[in-house]
Amino acid sequence: MSINKQQVRTALTHVMHPEMGKDLVTLNTIEDLIVQDKFIAFTIDLPEKNPKLDNKLKEMCREAIHKYVDSEAVLDITTAVNISKFRDDSEQQESEAFPGQGHRKKKEEQEPDEILGGVDNVIAVASGKGGVGKSTVAVNLACGLARTGAKVGLLDTDIYGPSIPTMFGTHERPNITAQKKLIPLEKHGVKFLSMGLLVDPDQAMIWRGPMVTSAVKQFMQEVEWGELDYLVLDLPPGTGDIQLTLVQTVPLTGAVVVSTPQTVALDDARKGVAMFKKVNVPVLGIVENMAYFIPPDMPEKKYYIFGKHGARNLAERMGSNFLGEIPLEQSVRESGDDGKPIVLEENLESESARAFVELSNNVIQQLAIRNKEQDPTQKIDIKIKP
Ligand SMILES: Nc1ncnc2c1ncn2[C@@H]1O[C@H](COP(=O)(O)OP(=O)(O)O)[C@@H](O)[C@H]1O
Ligand SMILES: [Mg+2]
């Protein structure tokens with residue numbers, strides 16, 4: 001028999017909060033409950049961060065569910081700080097009396113992922129369509145940013161088709177700190193992690209949107225990124241529920257949309273731009289990948305095999321920036337397969353290496369403009385209705 005949400009809630013009434021003296025359901029602390037076959041995910045809202053207590057509560061929940069619901073249930077429990085839920089009336093009045101202070105409090109509430117607190121800019125690389133070179137752009141952008149001496153991280157959130165381990169030539173499993181945080185791998189001066197290294201791909205295929213989101217959220221909170229100037233996210237292709245939820249879960253500074261010049265890809269890129277606008281994530285611009293083909297034996301030639309300037313024109317029509325064009329070159333594919341992104345060519349011999357350097361510079365410039373003109377993007381906490 002499959003598990004239902006009511007059974008989970010009932011089991012959690014047996015978990016008493018050690019300090020507040022009431023059970024987690026009575027305290028109204030359980031949020032985002034998802035049940036799918038034997039997989040159960042939820043968030044426990046708490047008044048403050050307390051890693052020791054958080055872990056204890058998670059363990060108590062685990063025990064209760066295994067005892068009262070199903071001994072084989074697979075659990076994904078997250079804790080989040082939600083000050084407003086636990087604020088008593090006197091504090092409420094105080095913040096109303098001092099609106100400025102109240103506002104600051106609100107901001108605190110909205111930033112429970114302290115982990116990304118050390119990250120200055122979170123950049124999503126997205127595309128409407130798969131196979132347009134999104135991962136290639138994400139990897140070369142990360143390495144291009146690192147070439148400037150910046151501290152860079154790269155997270156592959158594409159659990160259905162992770163390609164960063166191959167493009168970085170590393171399939172190691174990351175280590176874990178004493179505090180149970182994942183330590184990113186490091187190569188080419190970039191800290192990176194791929195959810196594909198930790199999630200069984202066959203298992204991932206049956207995940208629905210909320211599970212992916214919950215896994216990504218956990219990644220964000222439980223990875224020791226440290227101080228970063230840029231964190232580049234390689235998003236799964238498409239503009240469906242998964243992507244929409246994802247881009248709202250993470251406080252994105254901006255998005256880079258990748259397209260080829262082909263009409264079919266452009267239609268999807270348009271949807272990508274629209275998706276980010278809908279959720280108020282600034283689009284830093286559009287990149288045209290596979291803009292033209294350069295034959296290895298005739299590097300002076302350019303063949304516009306997928307059409308000419310499609311993405312450039314789209315950017316203009318949509319009022320977005322055009323971040324650059326990357327040629328279709330055999331060496332781009334080869335360097336991806338060999339685990340050494342082309343942008344790392346020491347003397348930038350190939351045109352695509354130079355194009356990726358230019359792309360990275362344009363992204364840095366657009367970020368500077370965006371950070372000057374706009375407030376940080378607010379993360380929206382998605383509440384999944386029980
Ligand atoms: N500019 C390019 N020149 C040559 N090959 C490319 C280029 N961009 C991507 N590729 C190749 O195309 C394939 C798909 O690219 P990938 O980055 O994995 O796409 P996506 O992440 O959008 O699915 C890969 O084999 C990659 O090496
Ligand atoms: Mg990819």
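The values are calculated or read from the model by the stated rules, or taken from the named source; none is laboratory data. Since the model is a prediction, treat every value here as computed from it, not as a measurement. Cβ placement follows ideal geometry from the backbone for every residue including glycine, while neighbour counts extend to all protein chains displayed. The protein model used for the area step is the full one, side chains on, heavy atoms only, and it has no ligands, DNA or RNA in it. Shrake-Rupley method; radii C 1.70, N 1.55, O 1.52, S 1.80 Å.
Can you pull out the strands (runs of 3 or more DSSP E) entirely within the range 131-245 that have at least 1 residues that are within 16 Å of ligand 2 (Cβ to nearest atom) and within 27 Å of D338 (Cα to Cα)?
Result: 152-156, 190-194, 228-234.
Of the residues L75, L53, only one is in a strand (DSSP E or B), in contact (Cβ under 8 Å) with a residue 12 or more places away in the chain and on the phi < 0 side of the Ramachandran plot; which?
L75
Any residue at all in the range 234-256 that's of a type outside the set (S, T, Y), modelled with pLDDT of 85 or more and out of contact with any helix residue (DSSP H, G or I) (no Cβ under 7 Å at 6 or more places or on another chain)?
Yes: the range 234-256 contains one or more residues that are of a type outside the set (S, T, Y), modelled with pLDDT of 85 or more and out of contact with any helix residue (DSSP H, G or I) (no Cβ under 7 Å at 6 or more places or on another chain).
Can you pull out the residues in the range 17-34 that are modelled with pLDDT of 90 or more and farther than 17 Å from E48 by Cα?
If the condition is that a residue be modelled with pLDDT of 90 or more and farther than 17 Å from E48 by Cα, then no residue fits.
Could you grab me the full set of residues in the range 179-204 that are more than 16 Å from ligand 1 (Cβ to nearest atom), open to solvent by 70 Å² or more (accessible area, probe 1.4 Å) and modelled with pLDDT under 85?
Within the range 179-204, Q179, K180, D200, D202, Q203 meet the criteria.
When you go through Q243, Q248 one by one, which is the residue that is open to solvent by less than 30 Å² (accessible area, probe 1.4 Å) and within 15 Å of the chain's Cα centre (by Cα)?
None of the others qualify; the one that does is Q243.
Anything in the range 255-274 that is touching a residue at least 60 places away in the same chain (Cβ under 8 Å), among the β-branched types (V, I, T) and open to solvent by 10 Å² or more (accessible area, probe 1.4 Å)? List them, or say none.
V264
Are any residues in the range 318-330 in contact with a helix residue (DSSP H, G or I) (Cβ under 9 Å, 6 or more places away or on another chain), open to solvent by 10 Å² or more (accessible area, probe 1.4 Å) and not in a loop (DSSP other than H, G, I, E, B), and if so, which ones?
M318, F322, G324, E325, L328
When K340 is evaluated against the numbered criteria (1) open to solvent by 10 Å² or more (accessible area, probe 1.4 Å); (2) in a helix (DSSP H, G or I), which criterion, by number, is the only one it fails?
(2)
Going residue by residue through the range 80-89, is there one that turns out to be under 28 Å from T43 (Cα atoms), more than 16 Å from ligand 2 (Cβ to nearest atom) and modelled with pLDDT under 50?
Taking every residue of the range 80-89 in turn, at least one turns out to be under 28 Å from T43 (Cα atoms), more than 16 Å from ligand 2 (Cβ to nearest atom) and modelled with pLDDT under 50.
From S135, S163, S127, which residue is within 7 Å of ligand 1 (Cβ to nearest atom), open to solvent by 10 Å² or more (accessible area, probe 1.4 Å) and farther than 16 Å from F356 by Cα?
S163
What pairs can you find where one residue is in the range 231-254 and under 15 Å from I123 (Cα atoms), the other is assigned to a helix (DSSP H, G or I) and of a type in the set (D, E, K, R), and their Cβ atoms are less than 6 Å apart, with a gap of 6+ or different chains?
As it stands, the answer is T249/K217; G254/R370, since those pairs meet every condition given.
Give A311, A315, A291 a once-over and let me know the one that is open to solvent by less than 20 Å² (accessible area, probe 1.4 Å), hydrophobic (A, V, I, L, M, F, W, C), closer than 16 Å to G133 by Cβ and in a helix (DSSP H, G or I).
When all the criteria are applied, what remains is A311.
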